[in-house]
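Trainee: The structure is given below, and queries will be raised subsequently.
The values are calculated or read from the model by the stated rules, or taken from the named source; none is laboratory data. Here the structure is a predicted model, which is why all the values come from computation and not from measurement. We place every Cβ from the backbone using ideal geometry, glycine too, and count neighbours over all the protein chains shown.
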Amino acid sequence: IYFQLKTQKRWSLIAQKAQKKEKDAMEETLSNLENAEPELCIKLLHFPSVQNFSGLKRKIQQCSEEWMMGFLEQDGLAVLFTTLERLSDDTARSSKTALITSMELLQCVGCVKAVMNSRTGLDFVISREDYTRVLSTTLDSTNVMVKKQVFELLAAMCIYSAEGKTRAIDAMEHYKHAKSQRYRFSVVINELRSAENLPYQTGILSFINAAVLSTESIHKRVKLRNEFIGILTRLQLLDVLSELRHLEADDLLIQLEVFDEKKLEDEEEIQAITGADGIDINNHQDVFAAVF
C-alpha cells in the first residue's frame, strides 16, 4: 500500500509539472502573439479560454492586411465561428459552467468584432450566410454584453452594404425558425422590452434604426418599419419606445429621436408624392398603392 501511494504521489507530481510546463508554454505563446503567424493563432482557438481569446483579439486589432488575409484564407474565421457556436450551445445547456463559458463567449464575440472592424473581414463575413446565422444564435446567451455586441455587428452590416443588410435580416429569419418564434423580429422587440441595461437597449434600437434607414425604397422602408412596430405582427414597438422615453440616457434618446424623425420624414414624403393627406402611413398596402 505504501508503495502504491508513493507511486501515485510521484505520478501526481509528474502530472502537475507537465501541466505547469504546458501553462508556461501557453503564456509564453500569448505574450509573443505580436509576431505570431495566423496558423498558430488558429491553433489557439482549439483551446478556448478567456486568456486565449483576449490575446487573439489584441492581435487581430493590431494585425496587417496581409496577416488578416492569411487568417481568413486558412479558415481562421470558420474555426472562430465553430467555437462561437459551441460556446453558445454550452452556455444554454449548462448552468454549472455558465459564468466561465459566458465570459469565453463574450471574448469570442469580441474576436469576431475585431475581424469585422476591418473591411476585409467584414466582406468575408457578409459573403457567408452561415456565419451571420451562427452569430444570431448567440442571442440565446444570458450575457447582456454578448447580445449587445451581436446587435451592434448586425447594425454595422446593415449600414455597410445592401448585401450586409440582407445577411442581417436573414440572420433574424434564421433565428425565428431555429427558436420556433412567430415573427422574425420577435427576439428584437422582446429583448428591448425586457432589457434593464441602457447600453444594451441603445444597441438594440440602433439595429432597428440601421435596418430601417438602410432600406432605400420608401415603400420597403415603411413596410420594414411597420413590421418592427407591429402593425401586422403585434410586436408593439411603439409602446416599448414610449416607456424608454422616460429614461435619462443621452445615447438612447438620440436613437429614439432618429426613429421618430425618420418616421415623420417618410410620412411627409409620401404625402408630398401622392398629394393626399388621407394615406395611412401605417398600412404598407396603402403606401404601395399611393406611391406606385
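Trainee: With the condition kept exactly as written, say whether any residue in region 173-196 is of a type in the set (Ser, Thr, Tyr), closer than 17 Å to GLN236 by Cα, surrounded by fewer than 22 Cβ atoms within 10 Å (Cβ to Cβ) and free of Cβ contacts under 8 Å to residues at least 24 places away in the same chain.
Mentor: There is at least one residue in region 173-196 that is of a type in the set (Ser, Thr, Tyr), closer than 17 Å to GLN236 by Cα, surrounded by fewer than 22 Cβ atoms within 10 Å (Cβ to Cβ) and free of Cβ contacts under 8 Å to residues at least 24 places away in the same chain.
Trainee: Within region 38-71, how many residues are assigned to a helix (DSSP H, G or I) and either under 24 Å from MET103 (Cα atoms) or among the basic types (Lys, Arg) (or both)?
Mentor: Qualifying residue count, region 38-71: 20.
Trainee: Here's something else I'd like to know. Go through TYR183, TYR131, TYR175, TYR200 for me and flag whichever is within 15 Å of VAL240 (Cβ to Cβ), part of a helix (DSSP H, G or I) and either among the hydroxyl-bearing types (Ser, Thr, Tyr) or touching a helix residue (DSSP H, G or I) at 6+ places or on another chain (Cβ under 7 Å) (or both).
Mentor: Testing whether each residue is within 15 Å of VAL240 (Cβ to Cβ), part of a helix (DSSP H, G or I) and either among the hydroxyl-bearing types (Ser, Thr, Tyr) or touching a helix residue (DSSP H, G or I) at 6+ places or on another chain (Cβ under 7 Å) (or both) leaves just TYR200.
Trainee: Tell me, which residue of region 87-102 that is at pLDDT 65 or above and among the β-branched types (Val, Ile, Thr) is farthest from LEU139 (Cα to Cα)?
Mentor: Taking the candidates together, the pick is ILE100.
Trainee: Cβ-Cβ under 6 Å, sequence separation 6+ or interchain: first residue in region 123-136 and among the hydrophobic types (A, V, I, L, M, F, W, C), partner outside any helix (DSSP H, G or I). Which pairs?
Mentor: Close Cβ pairs (under 6 Å, with a partner that is outside any helix (DSSP H, G or I)) do not exist here.
Trainee: Looking at (1) of a type in the set (A, V, I, L, M); (2) modelled with pLDDT of 80 or more; (3) crowded, with 17+ Cβ neighbours inside 10 Å, can you tell me which one LEU33 breaks?
Mentor: Exception for LEU33: condition (2).
Trainee: Being under 25 Å from LEU264 (Cα atoms) and either assigned to a loop (DSSP other than H, G, I, E, B) or modelled with pLDDT under 95 (or both) is the requirement here; does THR215 meet it?
Mentor: yes
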